[in-house]
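The values are calculated or read from the model by the stated rules, or taken from the named source; none is laboratory data. Since the structure is predicted, the reported quantities are computational estimates derived from the model, not experimental observations. Note: ideal-geometry Cβ built from the backbone for every residue, glycine included; neighbour counts use all protein chains shown.
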Amino acid sequence: MSYDFRHIHRSVVGLTVGLGFAVSVQAAEPLKTCFLYATPIGESGWAYQHELGRKELVAAMGDKITTKYVDNIHGGPDAERVIRNFVQEGCKLIFTPSFGFMEPTIKVARQAPNVIFMQGTGYKTAPNVGTYNARYYEGRYLEGVLAGKMSKKGVVGYVGAFPIPEVLQGINAFTLGLRSVNPQAQVKLIWVNSWYDPGKERDAANTLIKLGADILAYAPSGISIVTMAEAQGVYTLGYYSDMSKFGPKTNLTSLVHTWGTYYIKEVEEVLAGRWKSKKVLGGLREGMIKMAPLNSAVPADAREKMATDERAIIDGKLHPFAGPIYDQDGKERVAAGKIMTDDEINNMNFLVKGVDGSMPQK
């Protein structure tokens, strides 16, 4: 299910929540809304963008809600403990935006049927659990197009986090965008198996530069790749946040996650008694992601190509995963004239032709 978040009405005053199961909010009681983040909030990144969304929510909803967050909690028992604490503290709406929080969220939700949960990037739902995610791969494709226009060597480095579908989507869409401009270009891939490890991220980025990459993209949540590349004069393509302040000369653009409008929409539905379990998925058209302003180093022809392709994606005329698509072994994964379904994209488990790197062994 996708929302068009450009049309938000903020006149909701109803305070009885009807969900088909027993959930209610007293008329004089604000809706206690809680957030769990997997990493420190920091100055940029995944948790930082969700925290910006929470602050936007607070500003929009005023005294209709109260909020709380806990950051730097990994999955497993720690996440389950914090989610249970949220329930015990009276949280009626809990957002858990990390794939590693999916199982703990589902487990606690079974035992807290009167609490609403929205789980970010997971796929499991329940009567009181929905999911939300974005088509990040749309922005990754555009970053790949820009890399194809800007790389002089036709070799681009990519620091991967974990080989889960969301990360694979990003790598593959980036590569397809790159090769739509330069069919012979290659993406050299190194995995760090972490969402946040500055040392590993810098080491991987330095290795990729030594292997000939003249542009770097990445999946981890830190700033170290951008700051290191800025010091070495290597172009970067940012993720999560606008990274231009960390690489003013070399960060070409960033794929920015924007959550505030979504959080406002979800809270309004709860307050109005309209909330139902669902799977929310949005992209460039819905405003859940956006591209940061282009660096002054980007020439006019690259700007025009980026703008044209972005408009085509928004209008539904260009899909990053339209066939033909071949994997690293030359096997056809998507036939010409076909487009991968959301389900196929959400279960992606391969790397496309043009990626120089392999899937980590389990």
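Being under 26 Å from residue 347 (Cβ atoms), part of a helix (DSSP H, G or I) and over 22 Å from the mean Cα position of the chain (by Cα) is the requirement here; does residue 149 meet it? Answer is no for this residue. The one condition from (1) part of a loop (DSSP other than H, G, I, E, B); (2) of a type in the set (S, T, N, Q); (3) in the same structural domain as residue 187 (by TED's automatic domain parsing) that residue 277 does not meet is (3).
The number of residues in segment 132-146 that are assigned to a strand (DSSP E or B) and surrounded by 23 or more Cβ atoms within 10 Å (Cβ to Cβ) comes to 2. Within segment 343-357, the residues that satisfy the criterion of being in a helix (DSSP H, G or I) and within 17 Å of residue 332 (Cβ to Cβ) are 344, 345. Applying the condition of being hydrophobic (A, V, I, L, M, F, W, C) and in a loop (DSSP other than H, G, I, E, B) to segment 28-58 and asking which residue is nearest to residue 223 (Cα to Cα) yields 41. Assuming residue 153 fulfils every condition listed in (1) buried (at least 16 other Cβ atoms within 10 Å of the Cβ); (2) closer than 30 Å to residue 212 by Cβ apart from one, which condition is it? So residue 153 meets the others, but not (1).
Here 107, 92, 152 are screened, and the one residue that is of a type outside the set (Val, Ile, Thr), over 30 Å from residue 198 (Cβ atoms) and either assigned by TED's automatic domain parsing to the domain that holds residue 250 or in contact (Cβ under 8 Å) with a residue 60 or more places away in the chain (or both) is 92.
For every residue, the table says whether it meets (1) at pLDDT 95 or above; (2) more than 23 Å from the chain's Cα centre (by Cα); (3) within 21 Å of residue 131 (Cβ to Cβ).
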{"residue": "249", "(1), (2), (3)": "yes, yes, no"}
{"residue": "263", "(1), (2), (3)": "yes, no, yes"}
{"residue": "278", "(1), (2), (3)": "yes, no, yes"}
{"residue": "292", "(1), (2), (3)": "yes, no, no"}
{"residue": "300", "(1), (2), (3)": "yes, yes, no"}
{"residue": "311", "(1), (2), (3)": "yes, no, no"}
{"residue": "318", "(1), (2), (3)": "yes, no, no"}
{"residue": "326", "(1), (2), (3)": "yes, yes, no"}
{"residue": "330", "(1), (2), (3)": "yes, yes, no"}
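Cβ-Cβ distances below 8 Å connect the following pairs, each with a first residue in segment 304-316 that is within 17 Å of residue 292 (Cβ to Cβ), a second residue that is of a type in the set (Asp, Glu), and a separation of six or more residues or different chains: 313/138.
Scanning for something surrounded by 14 or more Cβ atoms within 10 Å (Cβ to Cβ) and either part of a loop (DSSP other than H, G, I, E, B) or under 17 Å from the mean Cα position of the chain (by Cα) (or both), does segment 76-90 turn up at least one residue? No, that holds for no residue. The set of residues from segment 159-184 being surrounded by fewer than 20 Cβ atoms within 10 Å (Cβ to Cβ) and more than 18 Å from the chain's Cα centre (by Cα) comprises 180, 181, 182, 183, 184. When every residue of segment 299-319 is checked against the conditions, none turns out to be assigned to a loop (DSSP other than H, G, I, E, B) and within 22 Å of residue 57 (Cβ to Cβ). Within segment 195-214, identify whether any single residue is modelled with pLDDT of 95 or more, of a type in the set (A, V, I, L, M) and in a strand (DSSP E or B), and answer yes or no. No, there is no match, as no residue in segment 195-214 is modelled with pLDDT of 95 or more, of a type in the set (A, V, I, L, M) and in a strand (DSSP E or B).
Count of segment 36-89 residues, restricted to those that are at pLDDT 95 or above, touching a helix residue (DSSP H, G or I) at 6+ places or on another chain (Cβ under 7 Å), within 19 Å of residue 195 (Cβ to Cβ) and among the hydroxyl-bearing types (Ser, Thr, Tyr), is 2.
Restricting attention to segment 295-314, which residues are surrounded by fewer than 17 Cβ atoms within 10 Å (Cβ to Cβ) and not β-branched (Val, Ile, Thr)? Of everything in segment 295-314, those that are surrounded by fewer than 17 Cβ atoms within 10 Å (Cβ to Cβ) and not β-branched (Val, Ile, Thr) turn out to be 296, 297, 299, 300, 301, 303, 304, 307, 311, 312.
Scanning segment 320-342 for residues that are outside any loop (DSSP other than H, G, I, E, B) and touching a residue at least 24 places away in the same chain (Cβ under 8 Å) returns 325, 326, 327, 342. Filtered by the rule that a residue be of a type in the set (S, T, N, Q) and in contact with a strand residue (DSSP E or B) (Cβ under 7 Å, 6 or more places away or on another chain), segment 249-266 gives 250, 251, 253, 254, 258.
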